[in-house]
Amino acid sequence: MSEIRLKIDGKEVTVEAGKTILDAARKAGIDIPTVCHHEKLESFGGCRLCTVEAESGGRTNLVAACIYPAANDLVVWTRSPQIDKIRKVLTEQLLAYAPESEVLKAIAEDYHADKDRFPKEPSFCILCGLCVRYCAEVKKKNVVGFLDRGPCREINFIPELAAVECWDCKECFPLCPTSALQAAFVLTEALISLSPSLQKIDTRAKTASA
Amino acid sequence: MDTTNISAIIDKYNGEASALIQILLDIQNDLHWLPREALELVSERLGVPMSRIQHTATFYKAFSLVPKGRHEINVCVGTACHVRGANRVLEVVQNITGIQPGETDADLKFSLETVNCLGCCALGPVMEIDEQHLGKLAPAMAADLLKGYQ
Ligand code: SF4
Ligand code: FES
């Protein structure tokens, strides 16, 4: 496989073709903050916390490192006043939705983000899509998905599938950067316990009565 | 529920997953909503997981997961129609149909929505019923037009 040479923060880095800027930076031990990225999953480009400056052909663009392919002669800067400001504001906005998120609080500290800058609107879910993608790509169960769009967008378990698949898995719980996923799950659990038709397919009920 | 029509729609697109939106649109046109059984059949035949179908069906406003009326009324309340009196037209439509924007009446006769531009501002105030544009409306005229729908 062909190799790609690029420069990140002044350091020469070589990676295989097809890798992203983020892969290259991690290989070189350069830290770029991420929220929606996970090694086992397809890149999503949802949170934009990984924004970096990428310079090629004399032009500098702000790109998401987790989806931007590493290319020859690319010059990348992972810190600059502009990038720091972008990350700071993004973190402040996300914290308005998920004030208790440990992941976000850690990033806030690094970038001097003020967690109280925006009025709190705790929906808890920051729509990073980790749970949705993990269930679809790794577990191939598609139990949890997105609903609606824009400001109304949310995640949602499909109760019929959750009643069968989730009890022994719950692998998405630790992935969630906030507590939204578990809250959504508890709600689904309550729905299942209240619905006679869902009770019938609930795998826990079956094992208990067997 | 009779699913022969839905099967026929899916067949028309050879059960291709990439035709998901088109298939959902055809079902929506046919039944005026997307019943759960229909979505389950689509999911099974296309091999597209239910979570993806839900995402798509809730993303576009053209789809509805609750039954809609036989006639869909879209009253334009965009800027041009607004200054030409769209609100009074809307008021009359609401009074006659007895429903608010976003609602459907109990007989499933009308569904009402407001939209922000129908692309023919010169004809304002405009409303659209079953994809037919009705322009240069006066409140009384809108009332007469509505009476023609069964
Ligand atoms: S529930 Fe958690 S993991 Fe899932 S999209 Fe929301 S924040 Fe991300
Ligand atoms: S980590 Fe790149 S956009 Fe979220």
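Tell me, which residue of region B:25-42 that is more than 21 Å from B:Phe110 (Cα to Cα) and open to solvent by less than 20 Å² (accessible area, probe 1.4 Å) is nearest to the other protein chains (Cβ to nearest Cβ)? Step through it out loud before you land on a result.
Initially, region B:25-42 is screened for residues more than 21 Å from B:Phe110 (Cα to Cα), giving B:36-42.
Imposing the further condition that a residue be open to solvent by less than 20 Å² (accessible area, probe 1.4 Å) reduces the set to B:38-39, B:42.
Details: B:Ala38: 16, B:Leu39: 11, B:Val42: 14 Å.
Looking at residues that are more than 21 Å from B:Phe110 (Cα to Cα) and open to solvent by less than 20 Å² (accessible area, probe 1.4 Å), I get B:Leu39.
Can you find, within region A:1-51, the residue that is surrounded by the fewest Cβ atoms within 10 Å (Cβ to Cβ) among those that are in a loop (DSSP other than H, G, I, E, B) and among the acidic types (Asp, Glu)? Restricting to residues being in a loop (DSSP other than H, G, I, E, B) and among the acidic types (Asp, Glu), the top hit is A:Glu39.
Annotation for region A:124-142: at least one member residue is away from chain B (no Cβ under 14 Å), at pLDDT below 90 and open to solvent by 20 Å² or more (accessible area, probe 1.4 Å).
So that you can scan it fast, the table gives a plain yes or no per residue for (1) more than 22 Å from the chain's Cα centre (by Cα); (2) within 14 Å of chain B (Cβ to nearest Cβ); (3) within 14 Å of ligand 2 (Cβ to nearest atom):
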| residue | (1), (2), (3) |
| --- | --- |
| A:Ser2 | yes, no, no |
| A:Ile30 | no, no, no |
| A:Val35 | no, no, yes |
| A:Cys50 | no, no, yes |
| A:Thr60 | yes, no, no |
| A:Asp84 | no, no, no |
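All conditions but one from (1) touching a helix residue (DSSP H, G or I) at 6+ places or on another chain (Cβ under 8 Å); (2) touching a residue at least 24 places away in the same chain (Cβ under 8 Å); (3) away from chain A (no Cβ under 14 Å) apply to B:Glu72; the one that does not is (1).
Can you pull out the residues in region A:38-70 that are aliphatic (A, V, I, L, M) and touching a strand residue (DSSP E or B) at 6+ places or on another chain (Cβ under 8 Å)?
Narrowing region A:38-70 to residues aliphatic (A, V, I, L, M): A:41, A:49, A:52, A:54, A:62-65, A:67, A:70.
The answer is A:Val52, A:Ala54, A:Leu62, A:Val63, A:Ala64, A:Ala65, A:Ile67, A:Ala70.
Just to be sure, is B:Ala86 open to solvent by less than 30 Å² (accessible area, probe 1.4 Å) and in contact with a Cys (Cβ under 7 Å, 6 or more places away or on another chain)? Criteria met by B:Ala86. Of the residues making up region A:64-88, those that are open to solvent by 40 Å² or more (accessible area, probe 1.4 Å) and in a helix (DSSP H, G or I) are A:Pro81, A:Gln82, A:Asp84, A:Lys85, A:Ile86, A:Lys88. A:Ala208 falls short on exactly one of the conditions (1) away from ligand 2 (no atom under 16 Å from the Cβ); (2) at pLDDT 95 or above, and that condition is (2). Flag: B:Leu20 does not match the condition of being surrounded by fewer than 17 Cβ atoms within 10 Å (Cβ to Cβ), more than 13 Å from chain A (Cβ to nearest Cβ) and assigned to a helix (DSSP H, G or I). Taking the listed residues A:Ala54, A:Ala71, A:Ala65, the one that is away from ligand 2 (no atom under 16 Å from the Cβ) and either within 14 Å of chain B (Cβ to nearest Cβ) or among the aliphatic types (A, V, I, L, M) (or both) is A:Ala71, with no other qualifying.
Looking at (1) away from chain B (no Cβ under 11 Å); (2) under 18 Å from A:Gly45 (Cα atoms), can you tell me which one A:Ile155 breaks? Condition (1) is where A:Ile155 drops out.
Where in region A:116-210 are there helices (runs of 4 or more DSSP H), lying wholly inside it, with at least 1 residues that are within 24 Å of A:Glu39 (Cα to Cα) and within 18 Å of the chain's Cα centre (by Cα)?
A:130-133, A:180-194
Any chance region A:57-66 includes a residue that's within 16 Å of ligand 1 (Cβ to nearest atom), of a type outside the set (Phe, Trp, Tyr), outside the structural domain of A:Ile107 (by TED's automatic domain parsing) and at pLDDT 95 or above? Within region A:57-66, one or more residues are within 16 Å of ligand 1 (Cβ to nearest atom), of a type outside the set (Phe, Trp, Tyr), outside the structural domain of A:Ile107 (by TED's automatic domain parsing) and at pLDDT 95 or above.
Of the helices (runs of 4 or more DSSP H) lying entirely inside region B:42-101, those carrying at least 1 residues that are outside the structural domain of B:Cys117 (by TED's automatic domain parsing) and more than 18 Å from B:Glu131 (Cβ to Cβ) are B:50-59. Entry remark, region A:172-192: residues being within 16 Å of ligand 2 (Cβ to nearest atom) and free of Cβ contacts under 8 Å to residues at least 60 places away in the same chain number 1 in total. The set of residues in region A:120-136 being more than 8 Å from ligand 1 (Cβ to nearest atom) and farther than 21 Å from A:Gly45 by Cβ consists of A:Lys120, A:Glu121, A:Pro122.
The values are calculated or read from the model by the stated rules, or taken from the named source; none is laboratory data. Being a predicted model, the structure only gives us computed values, none of them experimental. Quick reminder, even Gly has a Cβ in these numbers, built from the backbone with ideal geometry, and neighbours come from all protein chains shown. Please note that ligands, DNA and RNA were not included when accessible areas were found on the heavy atoms of the full protein model with its side chains. Shrake-Rupley method; radii C 1.70, N 1.55, O 1.52, S 1.80 Å.
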